[in-house]
Amino acid sequence: MRDRWLKYVLLLPAALLVLGTAIWPLAVSLATSFRDWRLTRSLTPGEFVGLEHYIVALTDDPDFANALGVTAAFVGIDVTITVLGSLGLALLLRRAGVLQSLTRAVLILPFAVSPALVGISFRFMFNAEMGVFTWLAGSLLPWLRGFVWLADPWASLLVLVFSDVWRWVPYMTLVVLGGLAALPREPEEAARIDGATEWQVLRDVTLPALLPVLAVVAVLKTVFALKMFDQVVTLTGGGPGNATVTLAYLVYNLAFRWFDMGYASAVAWILTAMLVVLAVFYMRLVLRKPDA
Amino acid sequence: MTTPPAMLERRRLLAGAAAGAAALGLPGGARASVANTPGLRPGRPFAGTELKVLCVVASQFRAHEARLPAFTEQTGITARYTFVPFVNMREALTAEMVGGGGDYDLAIVMDQWVASLANLLEPIDARVREKNIPLDRWPEAHLRQGRVNNQLLGLPSRGHVQLLFYRKDLFERHNLTPPATWEALVETGRRIQELEPNISGVAVPYGRNNGQNLMVWYNFLWGRGGTLFDERGQPAFNSQAGLQSVQDYVDLLRRHRITPAGAVSFTEQDAVNSMGQGNSAMLPVWWWVRATLVNPQASRLTDAQIGFAPMPSYAGRPRTTFTNTWIWGITRRSRRKDAAMELLTWIANPALEREVLLDPRENDVVAVMTPNLLDEAVNARFGGMHRFAAEGLRATQSITFGPDWPQVSEALEIAMNEAAAGTRSVADAFNNAAAQVRRIRRRG
């Protein structure tokens, strides 16, 4: 009898912690999303409005539609470049050697930098007057001389992607390297003995075996890209115009600049729903039993 | 015979200065000072109380904090300042309003946030009357930012006006005079770029960041006779005068090309850096920027290279300035409101502001009280900057910041950025902003 209850007692502190710091705030924000609550009018939530906020967001809010489009474009470009970049780097670093080992150790450094700081640094580096990237791009590609990166809608989105890729690719490279290390070498060697070129080995042997790892990288990166916030604040400020306003940034604006807590909660929950779907997909990938 | 409005304004200003000067004097001829504050309750009834103060990071308030022992000596009250950087200040105030259990007794709030944070602050009309604090001590342009729905929520303590900074050395070398009109600014900018090919005429921010790309434009708008809103509170910034003012403003960048090319994405700090690094010859900006421009760690310029003048206007129109005002208010949830009012009274003493302005260890120009703006010693120290400020404050218009202002400002900021970048025409961008603002106001 004592053993039967002990496991629950031992779990209780952790369960209470999760309840207090995650479940409870989430439940409160879900309840808030069904209420009209402007902090400018009242310090407590107002009348119950049902699904009105969700309906307005999905049918009658150009800001939400814009943020959804920006987020989709950002996620698509960001995840594609991150997956391909980390795969390429991992293949380059796969071989043993002093230089490779050193590079692998250094790879983790960009990930250790705060994303807000990354944004500020990139803002300086793309400064039209004194930015090193602006100068470099103008030197290598003369038609880009004088180009103001952060004033063009697509260029500023690409700069935002670049800043995120710079931070994430090295980390994801380590993940892919781990996947590559776990692959048996025999099939690749057998293919080479059979006369396959390096490209054929990569395309027909390595990549199919690595697909589950790449899928995990893609899903994980999608989850993080959907939450893009810090660099938007410090690098583009959502501009030019509203070309880089992501969903997470919109939620921040709604809640903490415009004080519309009810509507902000609804938009946050739409974003959360997307993340939950991806998280379930991710868990299925990770926990999937190998084929018999 | 009728008195011209400008003369009435001047009289009102002088009357305010006289009232403020009188407030500096104490009965019996003793002069008010940081250590001798009129209005404090006699007998130190709140001795032993500790106040908590939520304050934005600013050298002016560090200077106040350093002088707190004088306040404690007069009242027996101690105060603990918590300094929050500007970028986090609104979140800190919001958190205090929503979840604070009276953590802070006194808080400082920027004008644009006052209406939306009105639930944070206690009306202080009666307390100010009881303390006999003369409200004409402050220019109306600053004082009105502390009022919401005819209730006074706070007293101005930090306030900014705009000035046109210019490279005095370049202007002297080429026999140029600081432009008094926008037309002259364009001409002067062009001339400088001809004479100094590596220097842009004027640094102006057109990028997005807390409405910074609107702050110089307001002067264009008022100069053209436009307003942001009509009497019903509906958008008027897309009137013919409004659209022309935007066109004039973005023409500095797009047509006259007298700004740095990167100005289209500049924040205010980028514009300041551009002048500080010697890349631009003029800079219309807040007066406090002087401290940055003469700071060797942030700028290549020296004090002798920097001149300043009132903001230009259109020919025949009065000089104006957009203002930025911070007000001190007592929090609604404070459990020590009477003691907090003692501290507010001490802070509102013109002698404190004057002492900080004249302290040779300090370099902050900020002043909000008329007697100090017109003070001879203060003007002597800062080259007459404060007299220019008083002049701008006298004639300026101001914006009533309603609770939806942050959202409205964002719509305008986006429109300005789009017009400057050329992704939309001026009319298209501002008509779209007007539609957005109407939608915001409809939602209430």
**Message:** Quick check: convex hull over the Cα atoms of segment A:205-251, volume per residue in Å³, rounded to an integer?
**Reply:** 87
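With a cut-off of 8 Å between alpha carbons and a minimum separation of six or more residues, what is the relative contact order of chain A in percent? Could the numbers behind the result be given before it?
On the way: 323 pairs, mean separation 82.3, N = 292.
Value for chain A: 28 percent.
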**Prompt:** What is the spin-label model distance, in nm, from B:F83 to B:D338 if the labels are put 7 Å beyond Cα along the C-beta direction?
**Reply:** 3.3
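How large is the Kirkwood hydrodynamic radius of segment B:42-110, in angstrom, based on all distinct alpha carbon pairs?
Mean inverse Cα-Cα distance, inverted, gives 13.0 Å.
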**Asked** With every protein chain left in place, what is the accessible area per residue of the protein assembly as shown in square angstrom, probe 1.4 Å?
**Response** 44
**Asked** Applying the Karplus parametrisation 6.51 cos²θ - 1.76 cosθ + 1.60 with θ = phi - 60° to the phi angles of segment B:408-424, what ³J(HN,Hα) value in whole Hz is obtained for each residue in order, glycine and proline being reported as x?
**Response** 5, 4, 5, 4, 5, 4, 5, 4, 5, 5, 5, 5, 5, 6, x, 6, 9
**Asked** For labels at A:F111 and B:A435 in the simple 7 Å Cα→Cβ model, what's the distance in nm?
**Response** 4.5
**Message:** Could you tell me the center-to-center distance, by alpha carbons, between segment A:20-47 and segment B:50-128 in angstrom?
**Reply:** 27
**Prompt:** Taking amide H positions as placed 1.01 Å from N in the peptide plane, with prolines and chain starts having none, which residues 5 or more places from B:I306, or on another chain, fall under 5 Å of its amide H?
**Reply:** B:K168
**Fill in**
Dividing the helical contributions, -39500 (n - 2.57) per DSSP H run of n ≥ 4, by the residues of chain B yields a 222 nm value, nearest 500 deg cm²/dmol, of -13000 deg cm²/dmol
**Prompt:** If the cut-off is 19 Å between C-alpha atoms, which lysines fall inside it for B:K131, apart from same-chain ones fewer than 8 positions away?
**Reply:** B:K337
**Item:** Sorted largest first, extent of segment A:164-251 alpha carbons per principal axis (Å)
**Value:** 57, 21, 17
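Pull out the extension gain between A:V28 and A:D3, defined as 0.36 nm times the separation in residues minus the alpha carbon to alpha carbon distance; nm, one decimal.
This chain segment gains 5.5 nm when fully extended.
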**Prompt:** Separation of segment B:160-221 and segment B:257-308 by C-alpha centroid, Å?
**Reply:** 10
**Asked** Quick one: Cα centre-to-centre distance for segment B:376-444 and segment A:124-175, in angstrom?
**Response** 31
**Fill in**
Dividing the mean separation of Cα pairs under 8 Å (6+ apart) by the residue count of chain B yields a relative contact order in percent of 25
**Complete:** Taking every residue of B:399-405, the Cβ atoms of other protein chains inside 10 Å of its Cβ average out to 2
**Message:** If I take R0 = 45 Å and measure r between the Cβ atoms of A:E52 and A:A181 in this structure, what FRET efficiency does the formula 1/(1 + (r/R0)^6) give, to the nearest 0.05?
**Reply:** 0.30
**Request:** Starting from the exponent 0.38 and prefactor 2.2 Å, build the expected Rg for segment B:128-261 from its residue count and divide its actual Cα Rg by it.
**Result:** 1.36
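Rule-of-thumb check for segment B:174-232: C-alpha Rg over 2.2 N^0.38 Å?
1.44
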**Asked** What translational D, rounded to a whole number of µm²/s, comes out for the protein assembly as shown from Stokes-Einstein when the hydrodynamic radius is the Kirkwood one over Cα pairs, at 25 °C and 0.890 mPa s?
**Response** 85
**Fill in**
Projected onto their principal axes, the Cα atoms of segment B:338-444 stretch, largest extent first, over whole-Å spans of 50, 40, 26
**Prompt:** Shape of segment A:78-148 from its Cα gyration tensor (a ≥ b ≥ c, root eigenvalues): rounded if a/c is under 1.5, otherwise prolate when a/b > b/c, or oblate?
**Reply:** prolate
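Once the Cβ-Cβ distance between A:F256 and B:R44 is put in as r, and R0 is 35 Å, what FRET efficiency do you end up with, to the nearest 0.05?
Efficiency, rounded to the nearest 0.05: 0.30.
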**Prompt:** What does a probe at B:N363 reach in segment B:300-331, counting residues whose amide N is under 17 Å from the point 7 Å along Cα→Cβ?
**Reply:** B:300-308
**Request:** Enumerate the amide H contacts of B:Q151 below 5 Å, restricted to partners 5 or more residues apart or on another chain; note that Pro and chain-start residues carry no placed amide H.
**Result:** none
**Prompt:** If the label point is 7 Å along Cα→Cβ of A:L287, which residues in segment A:11-33 have backbone nitrogen under 14 Å from it?
**Reply:** none
**Request:** Go ahead and estimate [θ] at 222 nm for chain A from helices alone: -39,500 (n - 2.57) per DSSP H run with n ≥ 4, summed, over the residue count, rounded to 500.
**Result:** -21500 deg cm²/dmol
**Item:** For B:F229, residues with placed amide H under 5 Å, excluding near neighbours
**Value:** B:A236
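What is the antiparallel percent of DSSP beta bridges lying wholly in the protein assembly as shown, to the nearest 5?
Looking only at bridges with both residues in the protein assembly as shown, the antiparallel portion is about 70 percent.
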**Complete:** HN-Hα couplings for segment B:109-123 via Karplus (6.51, -1.76, 1.60; θ = phi - 60°), in whole Hz with x for Gly/Pro, come out as 10, 7, 3, 5, 9, 4, 5, 6, 10, 4, 5, 7, 10, 8, x
**Message:** Please list 3J(HN,Hα) in residue order for segment B:233-248, calculated via the Karplus relation 6.51 cos²θ - 1.76 cosθ + 1.60 where θ = phi - 60°; whole Hz, with x for glycine and proline.
**Reply:** x, 8, x, 10, 5, 9, 5, 4, 5, x, 5, 5, 5, 5, 4, 4
**Request:** Considering only protein heavy atoms, with the full assembly of protein chains and a 1.4 angstrom probe, order A:I193, A:I270 by accessible area, largest first.
**Result:** A:I193, A:I270
**Message:** Report the A-B buried area as the accessible area lost on both sides summed, probe 1.4 Å, in Å² to the nearest 100.
**Reply:** 2900
**Prompt:** So what's chain B giving for Cα Rg divided by 2.2 N^0.38 Å, two decimals?
**Reply:** 0.99
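The values are calculated or read from the model by the stated rules, or taken from the named source; none is laboratory data. All values derive from a computational prediction rather than experimental measurement. Glycine also receives a Cβ, built like all others from the backbone with ideal geometry; neighbour counts cover every protein chain displayed. Surface areas here come from the heavy atoms of the whole protein model, side chains and all, with no ligands, DNA or RNA. Shrake-Rupley method; radii C 1.70, N 1.55, O 1.52, S 1.80 Å.
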